[in-house]
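Peer 1: Quick one: the structure is below, questions incoming.
The values are calculated or read from the model by the stated rules, or taken from the named source; none is laboratory data. Just so you know, these numbers come straight off a predicted model, no measurement behind them. We place every Cβ from the backbone using ideal geometry, glycine too, and count neighbours over all the protein chains shown. Just the protein is used for accessible areas: all its heavy atoms, side chains included, with ligands, DNA and RNA removed. Shrake-Rupley method; radii C 1.70, N 1.55, O 1.52, S 1.80 Å.
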Amino acid sequence: MAFKNFNGTLKSFPLAHLPTLALSIGTFSFWLELYVVRLPFGHTSWLAWGILILCLFMLLTSRGWQLYLKQAVALLCHESLFLKVIAATAFFLGLVYLSVGLYASLLPPHLLQESDALTYHITLPRQHLLIHSFTHLTWSVPDLFLLPIDYALSPFELATTWPNKLIQFVFFAGCLGVVFHLVYILSGQVLHRAAMGVVAVMACHAVAIQVGLAMLDLVMLYCFLAFIDSFLAKRWGLAAIEFAFFFWSKSFIPPQMMVIGAILGMVLYWALKTGFSWQELPIPDSRARKILLAFFTVTSLAIALPHLIKAFYYTGTPLYPLGTGFYAPLMKYTPDHWQVLLQRAADCMSEKDSYGHGRSLLAFIKHFWLIAVPERGVNNAFDYPVGLVYLLVLVPWGGLVIKSLKYRKLPILSLIIVIWWLTWWFGSQQSRFLLVPITLMIILTISYLPKISWVLTVLVIVSLGLEVISLVDAHRHDWGKPLIKVIREKDRKLLELKPFQGKTELELNFEDVAFSQFPVTVHQDNSVYVLPK
């Protein structure tokens with residue numbers, strides 16, 4: 001009976017939210033692998049993958065996605081030849097796009113864009129698995145960062161001989177499913193708009209550049225979009241869990257969300273007092289608020305508390321590098337060591353000023369164009385360009401906001417975009433941190449435009465075609481190569497090391513140990529990192 005109830009509950013779970021199950025399964029599995037399973041060489045078992053695949057099979061028996069597919073086929077049969085050609089073109093380009101992304105996700109991380117994954121996203125969980133302990137790795141400053149998502153993904157990434165990126169592709173697929181459902185609901189269940197929303201998000205360069213790579217921005221994007229989708233559907237517990245994973249995903253996210261929440265609350269209070277109506281999001285009643293608070297609190301304790309305690313013990317702040325130095329850490333350091341830790345925190349904080357063209361009024365006006373286009377090579381001062389689709393929806397979205405305000409309707413999701421954008425402007429002006437507001441902008445524009453013009457449709461498909469070319473070109477050097485030829489030379493040298501070879505040492509930088517099958521130690525002068533015998 002209990003299994004039948006569980007099976008029925010799981011079948012009612014939305015398929016697009018499968019990645020939420022992956023995060024929950026991965027979080028539990030990491031601690032199990034660390035202290036109970038304890039496999040050698042920093043590997044994990046297939047437990048997490050096995051549970052996730054079982055959940056996927058159960059979800060595939062639900063009828064929701066099948067009904068969408070039948071409706072789409074029936075709708076397309078009655079459309080004009082031109083629309084059928086447009087749909088077939090988008091389908092073909094999308095298929096190539098997803099195939100290239102899936103192929104890339106099966107390769108081990110090795111590209112320049114994956115440097116963060118090779119430095120700490122994958123490396124740190126693996127090093128902890130190697131020593132079977134969550135104690136601080138003194139040679140790694142990022143080990144003090146808030147990284148619960150990194151650890152939740154590691155049981156999937158480290159189950160194979162070499163680290164894989166397939167779980168990131170699962171999150172990308174989840175993003176597309178959530179985008180489809182959001183546009184479907186916001187547009188009044190208009191199926192072709194939902195499909196258009198998916199194509200537009202795929203065609204956004206800020207999204208496409210990360211498909212198939214070991215980067216966490218698409219994972220974070222999924223968490224926030226899934227939270228909005230669950231909130232709209234009044235699945236309060238699920239919404240709280242998804243928001244908790246996003247809230248604790250990086251050290252700067254909690255204060256950013258608090259600022260956005262405070263400003264949003266003040267604006268809502270003023271707007272409702274002056275006669276504006278609430279648009280888009282439902283208002284949770286007292287029971288719903290209790291559910292949201294309870295699930296958020298429990299999830300936060302489960303996923304973030306170990307990281308917060310470790311950071312506070314070693315640095316005096318739970319959100320390292322934010323706030324370092326305000327309180328003395330519980331760990332006792334020599335004065336020189338403490339100064340080094342403070343300097344490293346200052347270096348991390350200074351990174352936010354290394355992007356953009358300053359914060360003058362002129363720079364603010366110009367950046368709306370500059371973030372979309374390359375300035376030097378294929379990149380710009382904001383890291384990488386966000387692409388054509390953003391430019392296509394920017395003005396229509398602005399028009400929709402003005403129209404809503406004119407009719408005294410407060411567009412909550414658009415208000416979130418505006419406040420988010422301002423916090424980004426005064427924080428780190430790195431384009432990847434605009435991924436959430438830009439995607440929301442695309443979703444709202446496609447959902448609410450009075451009419452989707454043929455010009456916009458064709459331009460979005462052209463943009464998708466350009467992204468397909470970009471994806472193919474980015475991975476063309478890896479086609480058909482054995483995996484040992486794909487990874488970096490320094491990683492091949494690590495894999496050649498065998499245990500018990502005497503006093504073998506290998507000089508390394510901290511960003512070079514992702515493929516290490518042994519714990520890393522550091523010389524007393526902190527200058528080089530070595531592999532123990």
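Peer 1: Using the charge dipole of the range 184-273 (Lys, Arg: +1 at Cβ; Asp, Glu: -1 at Cβ; taken about the Cα centre), state which of MET220, ALA203, TYR184 has its Cα farthest towards the positive end.
Peer 2: TYR184
Peer 1: Then there is this: With log10 I(q)/I(0) by the Debye sum over Cα atoms at q = 0.08, 0.12, 0.13 Å⁻¹ in mind, check (i) -0.54, -1.27, -1.50; (ii) -0.68, -1.16, -1.24; (iii) -0.58, -1.13, -1.28 and report the label derived from this structure.
Peer 2: Matching entry in (i) -0.54, -1.27, -1.50; (ii) -0.68, -1.16, -1.24; (iii) -0.58, -1.13, -1.28: (i).
Peer 1: Still on this structure: Once both labels are modelled 7 Å past Cα along the beta-carbon direction, what's the ILE365-TRP421 spacing in nm?
Peer 2: 1.6
Peer 1: For the charge dipole of the chain, defined by +1 on Lys and Arg C-beta atoms and -1 on Asp and Glu C-beta atoms about the Cα centroid, which residue among PHE247, TRP338, GLY323 has the Cα displaced farthest towards the positive pole?
Peer 2: PHE247
Peer 1: Probe radius 1.4 Å, ligands and nucleic acids ignored: give me the carbon and sulfur share of the accessible area of the range 102-186 as a rounded percent.
Peer 2: Numbers: 1340 of 1970 Å².
C and S atoms contribute 68 percent here.
Peer 1: For LYS409, list long-range residues whose amide hydrogen, built 1.01 Å from N in the peptide plane, is under 5 Å from its own amide hydrogen.
Peer 2: SER277
Peer 1: At 24 Å minimum axial length over the Cα atoms and a Kyte-Doolittle cut of 1.6, report the qualifying DSSP H helices in the chain, or say none. Write out the running numbers ahead of the final one.
Peer 2: Working: long enough: 81-105 (36 Å, 1.84); 166-186 (30 Å, 2.27); 253-273 (30 Å, 1.38); 286-303 (25 Å, 1.09); 388-406 (28 Å, 1.63); 454-475 (32 Å, 1.87).
Result, helices passing both filters: 81-105, 166-186, 388-406, 454-475.
Peer 1: Relative contact order for the chain using alpha-carbon pairs under 8 Å, separation at least 6, rounded to a whole percent? Spell out each step's value before the answer.
Peer 2: Values: 730 pairs, mean separation 103.4, N = 533.
Once divided by the residue count of the chain, the mean separation gives 19 percent.
Peer 1: Give the residue list of trypsin sites (Lys or Arg not before Pro) in the range 348-421 that are DSSP loop and have at most 16 other beta-carbon atoms within 10 angstrom. Intermediate results must be reported in sequence, preceding the final value.
Peer 2: Values: sites: LYS352, ARG359, LYS366, ARG376, LYS403, LYS406, ARG408, LYS409; in loops: ARG359, ARG408.
Hits after loop and neighbour filter: ARG359, ARG408.
Peer 1: May I pose another question? Only Lys, Arg, Asp and Glu count, each charged at its Cβ (+1, +1, -1, -1), so figure out the dipole size of the chain about its Cα centre, rounded to 20 debye. Don't skip to the answer; put the middle values down first.
Peer 2: On the way: 39 positive and 29 negative charges, 314 e Å.
About 1500 debye.
Peer 1: If the label point is 7 Å along Cα→Cβ of LEU281, which residues in the range 234-250 have backbone nitrogen under 16 Å from it?
Peer 2: Answer for the range 234-250: 234-248.
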